[in-house]
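Reading through the C-alpha cells given below for one structure.
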Amino acid sequence: MTPQPVARVEEIPDGGSIRRVMDGRDIAIFRKGEEIFAIDARCPHRGGPLDNDLEQGYLTFCPWHGWSFDVRTGKSPDQPGRVFCYEVTVKDGTIHIGQGV
C-alpha cells in the first residue's frame, strides 16, 4: 500500500485514537506523546473494536473480552496472536499510513 495521508496529528488526543478506513481495512491510529502508531482496528478474537484510548502505556484493550494489544508491535502480552501493524510517517503534521508490517 502506498503511504496515504489519513489525519493531522492534532486530531488525535494524547493517549487517544481515531479510526480510518484504507483500502477496505479498518485501521486504528494512536498517539502517545509525539509518537504515532497504527494497527488493525478489529480484535482477531471476535472482531471487537481496538480504537480505544491507550492504557498502561502502549496497550489498547478490546472492550468485548478484555484482550490487550501493544500498539508498537501488534502483539498481545496475554493472549496468543497479534494484530497487523502499519508503517507510519509524519510530515508537516500530517500522518501517512503505508504498508503493513
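For Asp23, project a label point 7 Å along Cα to C-beta. Then give me every residue of the range 37-68 with its amide nitrogen under 20 Å of that point. In the range 37-68, the label zone of Asp23 (backbone N under 20 Å from the point 7 Å along Cα→Cβ) covers 37-44.
Panel note: the C-alpha atoms of the chain, placed on their principal axes, show extents of 37, 26, 18 Å (largest first). Diffusion of the range 25-65 by Stokes-Einstein, at 10 °C in a medium of 1.306 mPa s and with Rh set to the Kirkwood radius over alpha-carbon pairs, works out to 151 µm²/s. Across Gly15, Gly57, Gly48, mean-square fluctuation computed from a Gaussian network of the chain (C-alpha pairs under 10 Å connected) peaks at Gly57. Taking Asp51, Asp70, Asp23 as the candidate residues, the one with maximal mean-square fluctuation in a Gaussian network model of the chain, Cα springs under 10 Å, is Asp23.
Which distance in nm do the two modelled labels at Thr73 and Glu34 give, with both placed 7 Å along the Cα-to-Cβ direction? My value for the distance between the label points is 2.5 nm. Compute all pairwise cysteine Cβ distances in the chain, then list the cysteines with no distance under 4.7 Å to another cysteine. For the chain, the answer is Cys85, because their Cβ atoms have no other cysteine Cβ under 4.7 Å.
Peptides 72-81, 36-45 ranked from most to least packed give 36-45, 72-81, packing being the mean of other C-beta atoms within 10 angstrom over each peptide's residues.
You can think of it this way: the chain between Thr89 and Thr2 has 30.1 nm of extra reach, that is 0.36 nm per residue less the Cα-Cα gap.
Any read-out appearing in this document is the output of simple, stated calculations on the displayed coordinates, not a laboratory observation. Keep in mind it's a predicted model, so treat the numbers as computed, not measured. Every residue, glycine among them, receives a Cβ derived from its backbone with ideal geometry; neighbour counts consider all protein chains shown.
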